[in-house]
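The values are calculated or read from the model by the stated rules, or taken from the named source; none is laboratory data. Please read all numbers here as calculations on a predicted model, not as lab measurements. When we count neighbours, we look across all protein chains shown, and the Cβ atoms used for this are built from the backbone with ideal geometry, even at glycine.
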Amino acid sequence: MLVASGLTRSTPFRLAVTFATFLIAAFLLSGLVVYQIVSAELNDRVDEDLQKTFSLLSAAYGKDDLEDLISSVSSYADLSVGNEQLFSLVGSDGQPLAGTSAIRGFVAPLGFSNVAAGSLGLGGDVAYRVYSGKIGPNKLSIAYSNDDTDELKQLVLSSFAWAMIIAAALAVSGGALLAARVQHRLNTIAQTMDEVSRGSLGSRIPLVGNRDDIDAVASQVNAALDRLVALMEGLRQVGFDIAHDLRTPLNRLRITLESALEKADTPEIIADLEEARSDIDKTTQTFDALLRIAQIEAGARKSRFQLLDLSEIVADIGEIYGEVAVDQNKTLVSRAEPGNMVHGDRELLVQLLANLVENALRHTPAGVAIKVSCQNLEGRKVIYVEDNGAGIPADEREKAFRRLYRLDASRSTPGSGLGLSMAKAIAELHGAHISLEDAEPGLRVTIVFTS
Amino acid sequence: MRILLIEDDKKTSDYIAKGLTEAGHICDVLADGRDGLFAATSGSYDVIVADRMLPSLEGLSLVKSARAAGTRTPVIFVTSVSGIEDRVDGLEAGGDDYLVKPFAFSELLARINALGRRPPPQDRQTVLKVADLEMDLISRRVSRAGVEIELQPREFRLLEVLMRGTGRVITRTMLLEQVWDFHFDPKTSVVETHVSRLRTKIDKPFEVPLIQTVRNTGYSLRVGG
């Protein structure tokens with residue numbers, strides 16, 4: 001789910017795209033440079049060839065021996081195929097003496113020049129490189145077609161284009177592959193942290209073992225988690241020790257009060273002692289609840305989990321509390337299709353639902369309707385406990401799960417402020433997620449069993 | 001009944017022993033685990049009350065050893081060890097009941113009475129009778145003075161627990177555990193509501209009420225207040 005939605009936002013993917021872009025730019029630039037070098041070199045070679053041919057032909061010219069030159073130029077012109085090389089020998093008076101018949105009488109300015117095929121009276125759009133020089137009183141112009149060099153330049157360009165396409169494809173796909181691998185490892189880290197935040201403190205990021213930077217970060221995170229767990233264990237141990245060590249003195253105190261009650265003779269003293277006794281019992285209950293929550297959070301009883309039907313528990317709770325609701329002028333109905341099996345601890349799940357139903361009963365006015373139901377939503381078992389009372393303000397819903405937290409509205413009603421903490425601890429022990437929502441009006445508690 | 005109390009906290013053991021004596025029982029107190037095991041296996045007690053944290057031999061091991069040695073005497077743990085798995089551990093070690101400190105003496109007494117008067121397994125009754133109230137455990141029928149009474153399954157179970165303990169106090173906590181399988185203290189009147197429903201069926205149409213309320217403790221089924 002992280003890969004699909006966040007691919008374009010993921011750092012590895014962005015790195016891969018940036019890297020591919022740089023690679024393509026580098027290829028373009030180097031292609032351009034190579035093209036320039038190659039084309040300059042090719043142009044130089046054509047010029048050299050032109051000059052070489054010109055000097056060979058001019059060597060055939062002796063004093064007053066025009067015939068040799070004419071025949072040499074003619075044979076050169078005849079040898080040239082398909083207007084690749086053109087020759088034009090013109091006399092001092094401008095009359096054509098020899099050369100390629102197509103350009104008879106053509107005269108170019110002395111030195112090098114570029115001439116298009118059109119201005120030579122030829123078809124096509126080939127450009128020609130021309131060298132013109134004097135041989136005695138005559139003027140010889142040699143034109144070489146740029147066809148071959150153009151082709152070579154084209155070849156250079158297209159080979160670079162292909163190389164670039166292949167490189168870009170490799171860069172993008174390789175980048176995507178690398179990005180996906182890194183993304184996968186980042187996802188494992190994110191998933192582990194998610195599990196830890198959901199309460200399975202034993203989860204650790206799996207290490208690949210190649211000692212790369214991700215492994216290094218992962219092992220540091222794991223070490224931090226180990227430390228966290230050790231601290232929490234220590235904290236729990238202190239909690240247990242306090243609970244155990246306080247229990248003995250509380251027990252003695254209660255015994256002292258009981259003995260005093262037997263001897264007490266005035267109603268006032270009896271009332272005071274009974275109040276003190278009931279305070280001790282309340283304190284003990286709070287200790288018990290805190291201890292239970294800590295132990296459930298530590299994963300107690302998970303080894304005793306059995307396959308059980310949530311619907312059965314929902315029906316039981318509905319049956320047990322239905323009459324209690326009637327006595328308070330409220331209604332409580334349960335609805336559950338049988339067969340919503342989960343692995344769990346029946347005793348704890350009963351307490352979870354009892355806590356939620358008792359909350360609904362205790363914090364609502366007469367006349368409300370409470371509904372407990374169990375559904376199978378696409379394989380996920382969901383329990384709802386809802387009422388149409390006053391509900392809980394949105395900003396207090398998350399806080400309501402805190403230990404000993406009491407909503408302002410419920411300070412006047414009795415309770416320890418531990419019912420929802422206990423419910424959350426039990427839900428999380430079962431891999432379930434518990435949340436409070438607005439039932440419009442009222443409060444809906446939703447417990448989604450994911451595993 | 002003859003009761004063996006194995007408890008190392010003197011104040012607690014004095015208090016329990018005094019209460020049990022006042023209730024008409026004979027109580028022997030031992031403060032050491034090994035001494036306790038020796039006495040427990042003697043076979044001369046009806047109920048054993050054992051702490052878990054004891055000198056020389058821990059309570060769980062004591063009961064395990066006694067059971068291994070063939071002692072069948074019912075055992076109730078009375079202990080500060082109150083973890084969520086500890087009660088199950090206690091029962092699995094061979095304990096019959098588990099009570100966490102601090103506790104009300106009436107709760108302990110009710111539980112000791114329930115354990116000590118438990119009929120042996122071979123002597124299972126199929127019909128329970130209290131005055132003119134009759135419960136047939138096989139056909140699951142209840143009648144009073146010959147008039148058949150319709151009960152919900154949970155009401156039947158509640159009445160059964162009360163009838164099995166006729167004449168004795170059954171505490172609210174005992175009812176929660178045995179009737180509803182609740183091992184926590186509900187903040188609403190679950191027990192009161194259901195007992196009241198049962199009363200309207202069992203007592204209200206008749207002259208003599210059978211279900212008595214024992215203040216601050218629980219209920220008792222007997223003829224007359």
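Quick check on B:Val142: is it of a type outside the set (Gly, Ala, Ser), within 14 Å of chain A (Cβ to nearest Cβ) and crowded, with 20+ Cβ neighbours inside 10 Å?
Considered against the rule, which asks whether it is of a type outside the set (Gly, Ala, Ser), within 14 Å of chain A (Cβ to nearest Cβ) and crowded, with 20+ Cβ neighbours inside 10 Å, B:Val142 comes out as no.
If I filter segment A:144-201 down to residues being assigned to a helix (DSSP H, G or I) and of a type in the set (Lys, Arg), which single residue comes out as surrounded by the most Cβ atoms within 10 Å (Cβ to Cβ)?
As a first pass, look at segment A:144-201 and keep what is assigned to a helix (DSSP H, G or I): A:147-197.
Next, from what is left, pick out any that are of a type in the set (Lys, Arg): A:153, A:181, A:185.
Values: A:Lys153: 17, A:Arg181: 13, A:Arg185: 19.
Taking the candidates together, the pick is A:Arg185.
Counting only residues that are charged (D, E, K, R), within 27 Å of B:Glu85 (Cβ to Cβ) and at pLDDT 90 or above, how many does segment B:97-134 have? Write out each step before concluding.
First, the residues of segment B:97-134 that are charged (D, E, K, R): B:97, B:101, B:107, B:111, B:117-118, B:123-124, B:129, B:132, B:134.
Now drop any that are not within 27 Å of B:Glu85 (Cβ to Cβ), which leaves B:97, B:101, B:107, B:111, B:118.
With at pLDDT 90 or above added as a condition, the list becomes B:97, B:107, B:111.
Summing the residues that are charged (D, E, K, R), within 27 Å of B:Glu85 (Cβ to Cβ) and at pLDDT 90 or above in segment B:97-134 gives 3.
Can you name every residue in segment A:354-380 that is more than 10 Å from chain B (Cβ to nearest Cβ), buried (at least 20 other Cβ atoms within 10 Å of the Cβ) and either in contact with a Gly (Cβ under 6 Å, 6 or more places away or on another chain) or in a strand (DSSP E or B) (or both)?
Selection gives A:Thr364, A:Val368, A:Ile370, A:Val372, A:Cys374.
Can you report the number of residues in segment B:36-57 which are among the charged types (D, E, K, R) and either under 14 Å from B:Thr73 (Cβ atoms) or modelled with pLDDT of 95 or more (or both)?
Residues flagged as among the charged types (D, E, K, R) and either under 14 Å from B:Thr73 (Cβ atoms) or modelled with pLDDT of 95 or more (or both) within segment B:36-57 amount to 1.
Residue check: is B:Leu159 modelled with pLDDT of 95 or more and away from every other protein chain (no Cβ under 13 Å)? Talk me through it step by step, then tell me what you get.
Numbers: modelled with pLDDT of 95 or more: yes; away from every other protein chain (no Cβ under 13 Å): yes.
Here the answer is yes, as B:Leu159 does meet what is asked.
If B:Arg215 satisfies every condition in (1) at pLDDT 90 or above; (2) under 19 Å from the mean Cα position of the chain (by Cα); (3) within 14 Å of another protein chain (Cβ to nearest Cβ) but one, which is the exception?
For B:Arg215, the exception is condition (1).
Select from segment A:298-314 the residues that are at pLDDT below 90 and within 11 Å of another protein chain (Cβ to nearest Cβ) and write down the one among them that is surrounded by the fewest Cβ atoms within 10 Å (Cβ to Cβ).
Top of the filtered list is A:Ser303.
Could you please let me know if A:Leu257 is crowded, with 16+ Cβ neighbours inside 10 Å and more than 9 Å from every other protein chain (Cβ to nearest Cβ)?
yes
Let me confirm something: among A:Asp213, A:Asp241, which residue is exposed (fewer than 13 other Cβ atoms within 10 Å of the Cβ), among the acidic types (Asp, Glu) and modelled with pLDDT of 85 or more?
Working: A:Asp241 fails: modelled with pLDDT of 85 or more.
Just one listed residue meets the conditions, A:Asp213.
Kindly indicate whether any position in segment A:223-236 is assigned to a helix (DSSP H, G or I), within 14 Å of another protein chain (Cβ to nearest Cβ) and surrounded by 12 or more Cβ atoms within 10 Å (Cβ to Cβ).
Scanning segment A:223-236, I find at least one residue that is assigned to a helix (DSSP H, G or I), within 14 Å of another protein chain (Cβ to nearest Cβ) and surrounded by 12 or more Cβ atoms within 10 Å (Cβ to Cβ), so the answer is yes.
More than 14 Å from A:Ser141 (Cβ to Cβ), in contact (Cβ under 8 Å) with a residue 24 or more places away in the chain and assigned to a helix (DSSP H, G or I) - does that describe any residue in segment A:78-100?
No: zero hits.
Of everything in segment A:319-353 that's surrounded by fewer than 21 Cβ atoms within 10 Å (Cβ to Cβ) and acidic (Asp, Glu), which residue is farthest from the other protein chains (Cβ to nearest Cβ)?
Checked segment A:319-353; the qualifying residue farthest from the other protein chains (Cβ to nearest Cβ) is A:Glu337.
Could you pull out the residue among B:Ile26, B:Ile76 that is more than 14 Å from chain A (Cβ to nearest Cβ) and crowded, with 22+ Cβ neighbours inside 10 Å?
B:Ile76
On the basis of being on the phi < 0 side of the Ramachandran plot, touching a residue at least 24 places away in the same chain (Cβ under 8 Å) and not in a helix (DSSP H, G or I), does B:Leu4 make the cut?
Yes, satisfied.
Residue-by-condition table, conditions (1) basic (Lys, Arg); (2) part of a loop (DSSP other than H, G, I, E, B):
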position: A:Leu273; (1), (2): no, no
position: A:Arg277; (1), (2): yes, no
position: A:Asp281; (1), (2): no, no
position: A:Gln285; (1), (2): no, no
position: A:Ile296; (1), (2): no, no
position: A:Ala300; (1), (2): no, yes
position: A:Ser303; (1), (2): no, no
position: A:Glu312; (1), (2): no, no
